[in-house]
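In what follows, a structure is listed as structure tokens, so that the remarks can point back to it.
Each value in this text was obtained by applying a stated rule to the coordinates, not by laboratory testing. All of these numbers come straight from a predicted model, not from anything done at the bench.
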């Protein structure tokens, strides 16, 4: 039996293909070429219509712009509005992350985002890989009650970060899901799964038909 696969989808066509290929969950975004930003309401609605037919949950990226993960008041307002929209539309979860200038998790802002998002499922996205101390960040994120962390193990790809990912899974000890992502393919997924001990995996080409 293959591992649980979350497929990153930047378009309606990608969602259709991911659902047909057997994706276990969709992460919906726009502009994947810049790391992804929040998709439009129309794309979320259309994607939910397709995914629900196959009972595939959809998580939506909440990111107001490309670039870093330090946000001003206007951008925070945009993120909160996007979370409200996602709750209204009935998505499964949201994917968020915010940092301070020193590379620590922005705990004050993350508490606001988490409080706004509940009871939706919450993933802390790959801002985690820009944290100055991933193990301190791990404990901070766990303390927020977040459900999972998407990470490449503080490296360019999950394969390169496989031993950090292994350490994160061990330290998490079931308190949060560590979900490896970036550069995962059907070919290297079994090796990454074996080394890390992770149970969920993320990628845009993680299934054969994507």
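Looking at the chain, the DSSP beta bridges with both ends there are about 5 percent antiparallel.
Sequence gap at least 6, Cα distance under 8 Å: using those rules, report the relative contact order of the chain to the nearest whole percent.
On the way: 418 pairs, mean separation 40.3, N = 210.
Normalised by residue count, the contact order of the chain is 19 percent.
For the chain, what does the helix formula give at 222 nm: sum of -39500 (n - 2.57) over DSSP H segments with n ≥ 4, over the residue count, nearest 500 deg cm²/dmol? Let's see the in-between values first.
Values: 7 runs with 80 residues, N = 210.
So the helix-based figure for the chain works out to -11500 deg cm²/dmol.
Does the range 4-203 come out rounded, prolate or oblate by the C-alpha gyration tensor, with a ≥ b ≥ c the root eigenvalues, rounded set by a/c under 1.5 and, if not, prolate when a/b is larger than b/c and oblate if not? Intermediate results must be reported in sequence, preceding the final value.
Numbers: a/c = 1.64, a/b = 1.07, b/c = 1.54.
It comes out oblate by the Cα gyration axes.
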